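Please read the structure below before turning to the comments.
The values are calculated or read from the model by the stated rules, or taken from the named source; none is laboratory data. Predicted model only: the values in this text are computed from it and were never measured. Neighbour counts are summed over all protein chains in view; Cβ atoms, including those assigned to glycine, are modelled from backbone coordinates with ideal geometry. Each accessible area value is taken on the protein alone, full model and side chains, heavy atoms only, with ligands, DNA and RNA left out. Shrake-Rupley method; radii C 1.70, N 1.55, O 1.52, S 1.80 Å.
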Amino acid sequence: MFASIFLDAFHFIGDNTGLLLTKSGETAELAFAALGIALLIALPLGLWLGHKHRGLPFALAVAATGRSLPSIALIGVFIAWLSVGFWNNTVALVVLGVPPILTNAYFAIDGADRDAVDAARGMGLTELQILTRIELPLGLPLLLAGFRLAAVFVISTATIAGIAGGGGLGQIIVNPVAYGNAGILAAAVFVAAIALLAALVLGLAQNAASRRMAPRA
């Protein structure tokens, strides 16, 4: 039975490649719009708090809240505010994307080598120069890890947009009457592919940053 469903899913992909690619584009647009907004909100705040070595309870509270909030409940709340559609889902996904970016940005900067920071301060560098030239390069691998986690989480959750008029692959997944089990599985395969591709690209960037910061013999 399961083998038959997988075979039907691959047949569905072959027969509906254009539809799946279009819906994949909609899912990617939604997810990366939310990630971009989350980055603009969380990154400066996390960097500033980490540089000041303040706000640890706040960062941890944001992380805990983000993990505990159910995605469907968030979308339901924003339906009442923004109605159904792209922006309702985007705002809900931003709320889910902020915690990992914020907490990793905080710990990336807060955990930077104190000796290097003190040496830079002793050389007369400004606080902004210390942040951008010392702390940020040192904390880049951990910062990228947070963005990678947020990307995978937001992309996989973006499928819920189908229940709130957000389109994308979720529109196929929540409509078994029209697309059948084969369509649902095919859409899920495409969602997984988008998430894995984003994770791979960000993972490569993270590894490159880690190798750059590794001590050389």
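Observations on the model:
- Pairs with Cβ under 7 Å, 6+ apart, first in region 4-20 and closer than 16 Å to G170 by Cα and modelled with pLDDT of 85 or more, second of a type in the set (F, W, Y) and surrounded by 13 or more Cβ atoms within 10 Å (Cβ to Cβ): L20/F190
- Residue match in region 130-139 (condition: open to solvent by 60 Å² or more (accessible area, probe 1.4 Å) and in contact (Cβ under 8 Å) with a residue 24 or more places away in the chain): yes
- Meets criteria (open to solvent by 40 Å² or more (accessible area, probe 1.4 Å) and at pLDDT 90 or above) for A193: yes
Conditions (1) on the phi > 0 side of the Ramachandran plot; (2) open to solvent by less than 60 Å² (accessible area, probe 1.4 Å), marked per residue:
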residue: G14; (1), (2): no, yes
residue: G18; (1), (2): no, yes
residue: G25; (1), (2): no, yes
residue: A31; (1), (2): no, yes
residue: L35; (1), (2): no, yes
residue: L40; (1), (2): no, no
residue: W48; (1), (2): no, no
residue: H53; (1), (2): yes, no
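- Cβ-Cβ contacts under 8 Å between residues 6 or more apart (or on different chains), taken from a first residue in region 36-61 that is under 23 Å from L125 (Cβ atoms) to a second residue that is open to solvent by 50 Å² or more (accessible area, probe 1.4 Å) and among the aromatic types (F, W, Y), are listed as L49/F58; G50/F107.
- Any hit, region 173-183, residues being at pLDDT 80 or above, closer than 23 Å to L7 by Cα, not in a helix (DSSP H, G or I) and not aliphatic (A, V, I, L, M): yes
- Scanning region 170-191 for residues that are among the aliphatic types (A, V, I, L, M) and in contact (Cβ under 8 Å) with a residue 12 or more places away in the chain turns up I172, I173, V174, A182, I184, L185, A186, A187, A188, V189, V191.
- Residues in region 21-72 that are part of a loop (DSSP other than H, G, I, E, B) and at pLDDT 80 or above: H53, R54.
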